[in-house]
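Here's the structure, in structure tokens; my notes come after.
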Amino acid sequence: MADEFPTEFDVIVIGTGLSESILAAAFSRIGQKVLHIDRNGYYSGRWCSFNLQAVDSWINQTKGEDALKATDADTIKNLISDEESTIELELIDKSYSHTNVTFNIGDDKTDVESDLKEKASSEGTLNSQCKGKESTEKNEEISEKADIIESNEVKNNDSVAANNSSVASEQSKNDTKDTSQKVNTDIKDNVTADVKDCTIDVKDSSTTGVKDSGLNSSDSKTIGEKKELPESVVDNDIKKKEEIWTKSRLLKEWRKFNLDLTPKLLYCGGSMVQLLITSDIAKYCEFKTVTRMLTLLDGKLEKVPCSRADVFNSKDVSMLEKRMLMKFLTSCAEYDKKPTEYEAFTDRPFTDYLESKKLTKNIKHFVQHSIAMATGETLTPEGLAKTKKFLHSLGRYGNTAFLWPLYGCGELPQGFCRMCAVFGGVYCLKMSASHLVVDKDN
């Protein structure tokens, strides 16, 4: 397989950073034989994006571990002629120092879960005790009411029997048999009616007692469900605690995160986006728009009104400030057509130009720090150019002026490296030139 690779190249590019990758892709695109090498074991150089697992390897590399070994001086002398000399190259990137990984979250997930389980068990025990106590009290109330009902039944039966005996004694005084039979029939009917009335009264009293005491079956079931609510609350607490990020969970799901060595945002109307579109590199990358911009104003995070809709929908900007901001941004969008307006501020800071426009404190803060992104030393022409660039990028892909690579800035150099490889470029990682050979003519 190695025998099939070319042994001679038109261009050798060292490093796979963004500028080197663009250069390699351009040479390869026009038909040059390109060898692209990198001393690191990954692409993109200082633009690289690491997942959590690869960060440790990168830190070890910055500390000099796993670095490439330099070629011996004797070997180099044997490879060059007497008229040639060498320039030694760095094999270790010294741009970074004091690198370390720190997790600002705890790793006591098991302790948290055990505490929650103990809390849930204690709540369950308390619920069972409450239920037992309530059921005992309810049973006592029911038994008391049942005793009352039974005593009422006995009293009613005794009164009925007494009435029967008195009626029978009175009727027995009569000598005729027919009259006694008639009386007995009336007594029997009266007894039946009295018993029915007594039974009805007992049912009503028992029903009323159950309703008043709240001891019917549906109510008792509802009471039981209410007492079980703390268990569900505890379950929800456990679920919420499980969603908390810990060190162990971060390391377990290391693929979900990318850390940029050089975090960047792209202007939607900037030259880089135009290059990605015209070179067709954009098909290798995925982007998202920045949803909103925030700025620290008077100790609070405030949303920056970017578009016309944001300006008029903002509640933090007064109506006067809205008109003032729209008028100023309109003038900045066409500042190059009216050079006389800023001619006196060509050599003066952008902040002086904002003061001359009599803008309010909030508007000056929004324009300087969030729209133009200018410092106190930024000159007026540069500040106006940045403001125009910001306005030119609004509304292209979203409500703000910026895009960000979905999988990190390392995707940008890798996209150009892919194009170089498509057109015949050869790539070798963990390989770098230790010396440059220089003769009299070069």
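No value in this document is a laboratory result; all are computed from the given coordinates. Remember, it's a predicted structure, so these values are computed and weren't measured experimentally. Cβ coordinates were reconstructed from backbone atoms using ideal geometry, including for glycine residues, and neighbour counts include every protein chain displayed.
For the pairs LYS338/LYS358; LYS33/LYS77; LYS94/LYS389; LYS358/LYS386, flag any whose C-alpha to C-alpha distance is greater than 25 Å. Flagged as over cut-off: LYS33/LYS77; LYS94/LYS389. Dipole of the stretch 265-408 computed with +1 at Lys/Arg Cβ and -1 at Asp/Glu Cβ about the Cα centre; of THR380, LEU325, LEU266, farthest Cα towards the positive end is LEU325. As a calculated quantity, the FRET efficiency between PHE5 and LEU79 at R0 = 25 Å, using C-beta atoms, amounts to about 0.75.
On the basis of the beta-carbon distance and an R0 of 30 Å, PHE103 and LEU296 show a calculated FRET efficiency of 0.70. Rounded to the nearest 0.05, the FRET efficiency derived from the C-beta distance between LYS337 and LYS357 at R0 = 22 Å is 0.80. Here the Karplus curve 6.51 cos²θ - 1.76 cosθ + 1.60, taken at θ = phi - 60°, turns the phi angles of the stretch 388-405 into couplings of 5, 5, 4, 5, 5, 8, 6, x, 7, 10, x, 7, 10, 9, 10, 10, 9, x Hz, with x standing for Gly and Pro. Annotation note: GluC sites (Glu not before Pro) in the stretch 6-88 located in DSSP loop regions with a Cβ neighbour count of at most 11 within 10 Å are GLU8, GLU65, GLU83. Assuming a ≥ b ≥ c are the square roots of the Cα gyration tensor eigenvalues, decide whether the stretch 1-65 counts as rounded (a/c under 1.5), prolate (otherwise, with a/b larger than b/c) or oblate. Prolate shape, in that a/c is at least 1.5 and a/b is the bigger ratio. Taking the Cα centre of the stretch 265-408 as reference, the dipole from Cβ charges on Lys and Arg (+1) and Asp and Glu (-1) amounts to some 500 debye. Given their separation in residues at 0.36 nm each and the Cα-Cα distance between them, ASN51 and LEU429 gain 134.2 nm when the chain is fully extended.
Taken about its Cα centre, the stretch 333-442 carries a charge dipole of about 440 debye when Lys and Arg each add +1 at the Cβ and Asp and Glu each add -1 at the Cβ.
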